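Participant: Have a look at this one before I ask anything.
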Amino acid sequence: MLWEKPVWTHSRLWNHVLWDESVLQWINRHLKSGDVFSDAGAHQGWLSVAAARQTGRSGKVVAFEPSPVLLRFLRFHKQVNRLTQMEIVSKAVTREDSAVTPFILEGDGDSAMNSLVEIEEMENGPRG
């Protein structure tokens, strides 16, 4: 259930912890019918599904996700929830304009740790 409405999810996600609750609250408070929402690094699609519910058929949600495994989840969630307003883009989002951007998958790709940079770079970077 999401805001008292049923949401169909893949059975592998039934026991997953729902992250980003503050973002879900923002979506619920601020997105309206007809709005446009972009989800960079859409992962399994929780935020994209929530945004699509809020924007309605007159809105648009663009979900960016480069991981092949996570794309299958996204496509499944789009289909079973009949979210025609959701567009799935199988690309990473980066600040650089590049034809080829390396994307590092963690394990089988079903991970929040997938990244555009090596983990060591993140640990030694400005936020590390």
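Participant: Given the criteria within 30 Å of Lys32 (Cβ to Cβ) and at pLDDT below 85, does Ala92 qualify?
Facilitator: Criteria met by Ala92.
Participant: Please go through segment 28-48 and give me each residue that is touching a Lys or Arg at 6+ places or on another chain (Cβ under 6 Å) and acidic (Asp, Glu), ordered by number.
Facilitator: Quick first cut of segment 28-48, residues touching a Lys or Arg at 6+ places or on another chain (Cβ under 6 Å) only: 36.
Result: no residue meets the conditions.
Okay, residues lined up against (1) more than 20 Å from Asn28 (Cα to Cα); (2) touching a residue at least 60 places away in the same chain (Cβ under 8 Å); (3) outside any loop (DSSP other than H, G, I, E, B); (4) hydrophobic (A, V, I, L, M, F, W, C):
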residue: Ala51; (1), (2), (3), (4): no, no, yes, yes
residue: Val61; (1), (2), (3), (4): no, no, yes, yes
residue: Gln79; (1), (2), (3), (4): yes, no, yes, no
residue: Ile88; (1), (2), (3), (4): yes, no, yes, yes
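Participant: Looking at the structure I just gave you, is Gly45 at pLDDT 85 or above, under 21 Å from Ser22 (Cβ atoms) and either surrounded by 12 or more Cβ atoms within 10 Å (Cβ to Cβ) or under 15 Å from the mean Cα position of the chain (by Cα) (or both)?
Facilitator: Numbers: at pLDDT 85 or above: yes; under 21 Å from Ser22 (Cβ atoms): yes; either surrounded by 12 or more Cβ atoms within 10 Å (Cβ to Cβ) or under 15 Å from the mean Cα position of the chain (by Cα) (or both): yes.
Answer is yes for this residue.
The values are calculated or read from the model by the stated rules, or taken from the named source; none is laboratory data. All figures in this text were calculated on a predicted structure; none of them were measured in a lab. Backbone-built Cβ (ideal geometry, glycine too); neighbour counts: all protein chains shown.
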